[in-house]
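A short worksheet on the structure shown next.
The values are calculated or read from the model by the stated rules, or taken from the named source; none is laboratory data. In this text the structure is predicted, and so the values were computed from the model without any measurement. Here the Cβ positions follow ideal geometry from the backbone for every residue, glycine too, while neighbour counts run over all protein chains shown. Side chains included, ligands, DNA and RNA excluded: accessible areas come from the protein's heavy atoms. Shrake-Rupley method; radii C 1.70, N 1.55, O 1.52, S 1.80 Å.
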Amino acid sequence: MATPLEQKTNQKPVQFIVQRQDGPDGKAYDEAFEVPYRPNMNVISALMEIRRNPVNAAGEKTTPINWDMGCLEEVCGACSMVINGTPRQSCTALVDKLEQPIRLQPMQTFPIVRDLQVDRQRMFDALKKVKAWVPIDGTYDLGPGPRMPENKRQWAYELSKCMTCGVCLEACPNVNDRSNFIGPAALSQVRLFNSHPTGAFHKEERLEALMEDGGIMQCGNAQNCVEVCPKGIPLTTSIAAMNRQTTLHSFKKFFGSDEGRTGEAVSR
Amino acid sequence: MANHRDFVGRKIHSLLGVIPIGLFLLSHFTTNYFIVRGEEDFNKAAEIVGGVPYRLFLEVFVIFIPIILHGVYGVYIAFTGSANTGRYTYFRNWMYVLQRFSGIFLVVFITWHVWETRIAAAMGTAVDASMMQNIVDNWFMLAFYIVGILATTFHLANGLWTFCITWGITQSPASQKAMSYVAALVFIGLSFVGVRSILTFAGVL
Ligand code: HEM
Ligand code: SF4
Ligand code: FES
């Protein structure tokens, strides 16, 4: 690792190749940029520098690059893009740790809005489809809910770190325009909300949603998702767990007398 | 039931791969292995298998229909996926791709194999050791059969691994890893049985 002193003496400009596209239906093209080096730079601060001075590597004036961002600390997921071939968050991609020229591309799984900005709406639609929330609104006070055992809370907390960044969908070979797979993130969220003591009241509804077309059965077990998730979410464990819950639920519903809707008996 | 057709279809596809197709494969490989004990033993085994009661019923309902259903749905599944091993070189991603390539190759191999054995038998060719000996009497067909056998054993072994996830049996990373070793052993064991049989038919062993 270079010390701060060494970094200051390294004055070579940082090389970027950015895949651009002028609009949703535009044609993709590459544009090279050179950005003056500053210590501890990340991809977003470099993009900001280009925005301040939109001149490409050939010295021609060009349009500023479009990209998405929010938190700047890897919790919102908005700034995901493909950096040197790997989908990840640009706010935590440190220039010093990247091989140059640094290649920036939009995630190809999602519709492109412009340049590096994509539309992740399908992920939020998937969360709505599987009811990834705990419904507590009503006309009277329901009182305190049941307590959650501490050890369960600990692993559930890991699942709750999902920031809908889309990296797992980008890496999944079964998420593409020939399939309507909702993707790994939403499957794991069902496990999260089904394990919540109050969320479990609506367990069956979420399982039913997972069993619809585009749901859990579209998983092909390539397990790329768990490798690329920046939050280290055990997606493949969640998927296997949801396979068990949906299988038991469907048996219960088909063979049982209560149509599998009692809330209790479908065990994890 | 809302639109759960895909869910049920996928579960049936998964089940068919193991029961009955996987079980049939065990019995098929075991019968063939008799060739290792000599032609006479193999011919006796072939005669018993060929003479089981209600054979046509078993062939249709335990072998043909399950393989056709699993195969057709499998091709559909394979073509709704996309190989991205160029970008993501993880072991499991390679297994995902190989499961699909081996499946598509199996359509060709099984069709060919059924054509020159079962269909030929129906046309009057005698089912004994000499049938297979004639088929693999050249290097090209022997190689085709060895690749076919390895594609089958790989597809079944890796299929058992994914089966355990499809049905929610192996959930934890530790159990999935343990199952990887079991699948590897199944692959090695079945491949040994299958390849040794075919090499014996070919007169190489
Ligand atoms: C006839 C051609 C065949 C094709 C096109 C085919 C295709 C496929 C495909 C694409 C899968 C992956 C399904 C998924 O991940 O959801 C699969 C799974 C499987 N196949 Fe095949 N297959 C064929 C023949 C066979 C044969 C002969 C066997 C048994 C020896 C077999 C056993 C299995 C098993 C056990 C699985 C795992 C099921 C699961 O993941 O739940 N298949 N097949
Ligand atoms: S599961 Fe991980 S990779 Fe997928 S959207 Fe959530 S944080 Fe991103
Ligand atoms: S800006 Fe929120 S994750 Fe990068």
Checklist outcome for this item: Note: chain B, point scatterers on Cα, Debye, no solvent; log10 I/I(0) at q = 0.12 Å⁻¹ equals -0.68
Checklist entry - With heavy atoms of protein chains only and a 1.4 Å probe, what residues of region B:86-135 have at least 40 Å² less accessible area in the full set of chains than alone? => result B:Arg87, B:Tyr88, B:Tyr90, B:Arg92, B:Tyr96
Checklist entry - Among A:Ala241, A:Val190, A:Thr63, whose Cα lies farthest out toward the positive end of the dipole of chain A, if unit charges sit on the beta carbon of Lys, Arg (+1) and Asp, Glu (-1)? => result A:Ala241
Next on the checklist: If each DSSP helix of 4+ residues adds -39,500 (n - 2.57) and the sum is divided by the residues in chain B, what number results at 222 nm, nearest 500 deg cm²/dmol?
Outcome noted: -23000 deg cm²/dmol
Next on the checklist: A 32 angstrom limit on the alpha carbon distance is what I want to check against. Which of A:Lys61/A:Lys97; A:Lys61/A:Lys128; A:Lys152/B:Lys11; A:Lys61/A:Lys161; A:Lys131/A:Lys252 exceed it?
Outcome noted: A:Lys61/A:Lys128; A:Lys61/A:Lys161
Next on the checklist: Antiparallel versus total DSSP beta bridges in the protein assembly as shown: what percent is that, nearest 5?
Outcome noted: 85
Checklist entry - For B:Lys177, which aspartates and glutamates qualify as cross-link partners when the Cα separation must be under 17 Å and same-chain residues fewer than eight apart are set aside? => result A:Glu227
Next on the checklist: Please report the accessible area of B:Val182 (heavy atoms, 1.4 Å probe, ligands and nucleic acids excluded) in Å², nearest 10.
Outcome noted: 70
Checklist entry - Counting Lys and Arg as +1 and Asp and Glu as -1, what is the net charge of the other residues whose Cβ lies under 13 Å from the Cβ of A:Cys225? => result 0
Item to check | region B:65-205 - percent of accessible surface contributed by carbon and sulfur, probe 1.4 Å | outcome: 78
Next on the checklist: From the helices alone, meaning DSSP H stretches of at least four residues, give me the mean residue ellipticity at 222 nm for chain A, per-run term -39500 (n - 2.57), in deg cm²/dmol to the nearest 500.
Outcome noted: -9500 deg cm²/dmol
Checklist entry - How long is the gain from B:Leu98 to B:Thr80 if the chain were fully straight, where each residue apart is worth 0.36 nm and the alpha carbon distance is subtracted? => result 5.0 nm
Item to check | Shielding by partners - mean other protein chain Cβ count within 10 Å, residues of B:163-170 | outcome: 6
Next on the checklist: Once you place label points 7 Å from the Cα toward the Cβ at A:Ala28 and B:Glu39, how far apart are they in nm?
Outcome noted: 6.1
Next on the checklist: Just to confirm my numbers, what's the Cα centroid distance between region B:55-94 and region B:103-153 in Å?
Outcome noted: 20
Checklist entry - Going by a 1.4 Å probe on protein heavy atoms, which residues of region B:7-21 end up with at least 30 Å² less accessible surface in the whole assembly than in their chain alone? => result B:Phe7, B:Arg10
Item to check | GNM flexibility winner over chain A from A:Ser179, A:Ser238, A:Ser45 (Cα, springs under 10 Å) | outcome: A:Ser179
Checklist entry - Relative contact order of chain A: what whole-number percent is it, with Cα pairs under 8 angstrom and at least 6 residues apart? => result 15
Checklist outcome for this item: A chain fully extended from B:Met141 to B:Thr30 at 0.36 nm per residue, minus the present Cα-Cα distance, gains in nm 37.8 nm
Item to check | region B:74-115, accessible area per residue, ligands and nucleic acids excluded (1.4 Å, Å²) | outcome: 55
Checklist entry - Rounded to the nearest 100 Å², what is the sum over both chains of accessible area buried where B meets A, with a probe of 1.4 Å? => result 3100
Next on the checklist: Averaging the inverse of every distinct alpha carbon separation and then flipping it gives the Kirkwood radius. What is it for the protein assembly as shown, in angstrom units?
Outcome noted: 25.8
Checklist entry - Quick one: net charge of B:Ile135's neighbours, Cβ under 14 Å, K/R +1, D/E -1? => result -2
Checklist entry - Quick one: accessible area per residue over region A:52-166, 1.4 Å probe, rounded to a whole number of Å²? => result 57
Checklist entry - Given a 1.4 Å probe and every protein chain left where it sits, what share in percent of the accessible area of region A:157-268 is carbon and sulfur? => result 51
Checklist outcome for this item: In the neighbourhood of A:Thr92 defined by beta carbon distances under 12 Å, the net charge of the other residues (Lys, Arg +1; Asp, Glu -1) is +1
